[in-house]
Amino acid sequence: MAARAASFLASPGSQWDVAIREWDRGVVVPETCGHLGERGAAEPRPGRSLTRCPAAAPGLYGKDQREAALVDMVNDGVEDVRRHCGRLIHHNYEEGKAKYFQELPERLKPFETLLVQNQGGQAFIVGDQISFADYNLLDLLLNHQVLAPGCLDSHPLLLAYVARLSARPKLKAYLASPEHVNRPVHGAQKT
């Protein structure tokens, strides 16, 4: 879930990196950005908002409140598709795979529409700078390409988007790293 997209945001050894590693180990934590710990200090906890909280500081949350709201809406849409995919993988993979990928183009259509509306699909999902929603959407699309190569063929702008973002030097290096290559899709080795 958010831990995969947040891996793009975390620096090794940071408090977010530690939280992500706990999430990946299956430690159950609340679905909040944090909670009040000892003496009222805020302590981060992974969840859907794990991508939102650290994204604001490095400029991954849009340039203004309007863009931040759009980034949130896109990210929620990504998580909706991810949730459907997670259900498929963990509960009904073999029997449900054909139907899921038949319905996938309709689920992805809103993202391609957003790309068209933003500089004709030549920019990011929102605005003119990359956001955490771009990283999360890219992760989702890459996972789907692992599960069903060719599943993006009916969405040429999404295919170009994946290629464009994947070619960013640091992201390209991460995507080629064993940490990414050996990471399972939704916690399950599906190919």
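The values are calculated or read from the model by the stated rules, or taken from the named source; none is laboratory data. Predicted model, so just to flag it, every value in this text is computed and none were measured. Positions of Cβ are generated from backbone atoms using ideal geometry, with glycine treated the same way; all protein chains shown enter the neighbour counts. Accessible surface is based on the protein model in full, side chains and every heavy atom, while ligands, DNA and RNA are left aside. Shrake-Rupley method; radii C 1.70, N 1.55, O 1.52, S 1.80 Å.
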> Does Asn136 satisfy the criteria of being under 18 Å from Gly62 (Cα atoms) and without any contact (Cβ under 8 Å) to a residue 40 or more places away in the chain?
Replying inline: no
> Looking only at residues in the range 128-145 that are outside any helix (DSSP H, G or I) and not polar (S, T, N, Q), which one is surrounded by the most Cβ atoms within 10 Å (Cβ to Cβ)?
Replying inline: Ile130
>> Please go through (1) free of Cβ contacts under 8 Å to residues at least 12 places away in the same chain; (2) within 21 Å of the chain's Cα centre (by Cα) for Glu94 and return the number of the only condition it doesn't satisfy.
In response: (2)
>> If Ile125 satisfies all but one of (1) within 21 Å of Tyr161 (Cα to Cα); (2) part of a helix (DSSP H, G or I), what's the number of the condition it fails?
In response: (2)
> Of all helices (runs of 4 or more DSSP H) completely enclosed by the range 1-118, which ones contain at least 1 residues that are modelled with pLDDT under 50 and of a type in the set (Gly, Ala, Ser)?
Replying inline: 2-6, 15-24
>> List pairs: first residue in the range 112-126 and closer than 18 Å to Leu152 by Cβ and open to solvent by 60 Å² or more (accessible area, probe 1.4 Å), second residue of a type outside the set (A, V, I, L, M, F, W, C) and modelled with pLDDT of 95 or more anywhere in the structure, Cβ distance under 9 angstrom, at least six positions apart or on different chains.
In response: Gln122/Arg164
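Looking at the structure I just gave you, is Leu152 more than 20 Å from Gly59 (Cα to Cα), assigned to a helix (DSSP H, G or I) and either at pLDDT 95 or above or over 18 Å from the mean Cα position of the chain (by Cα) (or both)?
Values: more than 20 Å from Gly59 (Cα to Cα): yes; assigned to a helix (DSSP H, G or I): no; either at pLDDT 95 or above or over 18 Å from the mean Cα position of the chain (by Cα) (or both): yes.
No.
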>> For the range 164-173, check the following and say yes or no: at least one residue is within 17 Å of Asn75 (Cα to Cα) and assigned to a helix (DSSP H, G or I).
In response: yes
>> closer than 26 Å to Glu94 by Cβ and either of a type outside the set (D, E, K, R) or open to solvent by less than 10 Å² (accessible area, probe 1.4 Å) (or both): is that true of Pro169 in this structure?
In response: no
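Please go through the range 89-147 and pick out each residue that is aromatic (Phe, Trp, Tyr) and within 16 Å of Glu79 (Cα to Cα). Please lay out each step first, then the result.
Our first condition is that a residue be aromatic (Phe, Trp, Tyr); within the range 89-147, this holds for 93, 100-101, 111, 124, 132, 135.
Tyr100, Phe111, Phe132, Tyr135 - these are the residues of the range 89-147 that are aromatic (Phe, Trp, Tyr) and within 16 Å of Glu79 (Cα to Cα).
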